[in-house]
1. Do we find that GLN160 is among the polar types (S, T, N, Q) and more than 30 Å from LEU303 (Cα to Cα) in this structure?
2. What's the number of the only condition in (1) of a type in the set (Gly, Ala, Ser); (2) surrounded by 13 or more Cβ atoms within 10 Å (Cβ to Cβ); (3) farther than 21 Å from PRO165 by Cβ that SER236 fails to meet?
3. Could you check the range 239-276 and list, in sequence order, the residues that are among the aromatic types (Phe, Trp, Tyr) and within 18 Å of ASP301 (Cβ to Cβ)?
4. When ARG224 is evaluated against the numbered criteria (1) in contact with a Cys (Cβ under 8 Å, 6 or more places away or on another chain); (2) over 23 Å from ASP301 (Cα atoms), which criterion, by number, is the only one it fails?
5. When ALA271 is evaluated against the numbered criteria (1) in contact (Cβ under 8 Å) with a residue 40 or more places away in the chain; (2) within 23 Å of VAL319 (Cβ to Cβ); (3) touching a Lys or Arg at 6+ places or on another chain (Cβ under 8 Å); (4) not charged (D, E, K, R), which criterion, by number, is the only one it fails?
6. Within the range 1-32, track down each residue that is modelled with pLDDT of 90 or more and in a loop (DSSP other than H, G, I, E, B).
7. Out of curiosity, is ASP285 surrounded by fewer than 14 Cβ atoms within 10 Å (Cβ to Cβ) and at pLDDT 95 or above?
8. How many residues are farther than 17 Å from ALA253 by Cα, in a loop (DSSP other than H, G, I, E, B) and hydrophobic (A, V, I, L, M, F, W, C) when one looks only at the range 279-320?
Amino acid sequence: MHRIPLPLPSDGLRAVNVYAIDDADGLTLIDSGWALEKARQRLETALAAIGRELGDVRRFLVTHVHRDHYTLAITVRRLFGSRILLGAGEQVSLGVIMDRDERASVVFGRLLLRCGALPVVERLRRAWPDRDTDGGGDWEKPDAWLADGEKVELRDRTLQVIATPGHTRGHVVFADLGNGLLFAGDHVLPHITPSIGFEPARPQLPLADYLNSLHLVRAMPDLRLLPAHGGVADSSHRRIDELTAHHARRLDACADVITRGAGTGYEAARALTWTRRERHFDELDPFNQMMAVMETAAHLDVLVRDGRLTSSVVDGVTVYAA
């Protein structure tokens with residue numbers, strides 16, 4: 001088994017990990033990387049170092065539909081006929097992404113307006129006047145949809161598919177219980193918290209889904225963590241406990257800013273600080289402002305569900321109150 005970090009374009013994250021499992025008659029890759037020429041070249045170089053090539057990739061097991069995990073698999077399949085398998089819960093989101101009449105920028109714009117974030121929508125339009133962040137032409141359906149609990153049999157190991165909605169509605173992880181390994185995708189990351197709510201087919205309570213998925217994986221044996229971003233860690237349990245505690249603190253912080261006068265997801269996001277450096281909202285670029293607003297709204301909606309806040313809709317904008 002080999003961990004292959006592939007480059008990402010001008011992103012806060014520098015690389016995405018692709019895991020290559022050599023299975024005698026070919027390779028199984030967990031996640032694929034972004035469909036960039038430099039990522040493809042890096043993957044070819046890495047496979048050559050283990051005596052393999054792109055044509056040896058029999059299948060991709062993809063944790064979720066975000067571009068940095070899915071799209072290079074499409075490129076390789078077009079060239080060599082590799083199979084792509086993706087969690088069944090991603091069907092709705094992929095359908096939206098592939099709908100050329102429903103540009104992702106418009107979909108996300110509507111979500112932001114619901115959060116009262118018109119200034120962020122305007123900044124995004126100025127930053128990317130002609131950009132469609134998820135153009136349908138780069139996307140195709142997988143060869144098969146993976147069901148929760150399904151087992152993928154390799155020569156020397158069995159990978160169990162575990163649905164972990166939250167980061168996206170169809171995110172899955174792959175558990176190699178026989179070898180004590182968890183291919184965690186973006187569900188459990190060693191140094192950062194996965195974004196919540198940034199997807200075109202946003203579910204009603206993405207943060208609640210994510211916390212439930214953390215509890216699900218925490219109830220499994222403590223496995224070695226093989227994440228999609230960052231280095232390998234020895235304990236999935238330790239990191240899950242840290243992530244659970246982080247979101248408990250974040251829920252308290254979101255409730256506090258509403259109590260102090262913020263009313264919308266946008267206003268609450270502006271009152272919070274961001275990243276480990278405690279940056280102000282205005283220090284973020286427009287893309288990360290968009291993600292910050294959506295994640296804040298995800299926390300506020302859980303607070304409403306739990307009875308700690310109330311919400312109402314005024315002129316199409318969700319307004320929260322203590």
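1. For GLN160, the condition - among the polar types (S, T, N, Q) and more than 30 Å from LEU303 (Cα to Cα) - is met.
2. The number of the failed condition is (3).
3. Across the range 239-276, the qualifying residue is only TYR266.
4. In the conditions (1) in contact with a Cys (Cβ under 8 Å, 6 or more places away or on another chain); (2) over 23 Å from ASP301 (Cα atoms), ARG224 misses (1) alone.
5. Status for ALA271: all satisfied but (1).
6. MET1, LEU8, ASP31, SER32
7. no
8. Total satisfying the criteria: 1.
The values are calculated or read from the model by the stated rules, or taken from the named source; none is laboratory data. Computed from a predicted structure; not experimentally measured. No Cβ is skipped: glycine too gets one built from the backbone with ideal geometry, and neighbour counts run over all protein chains shown.
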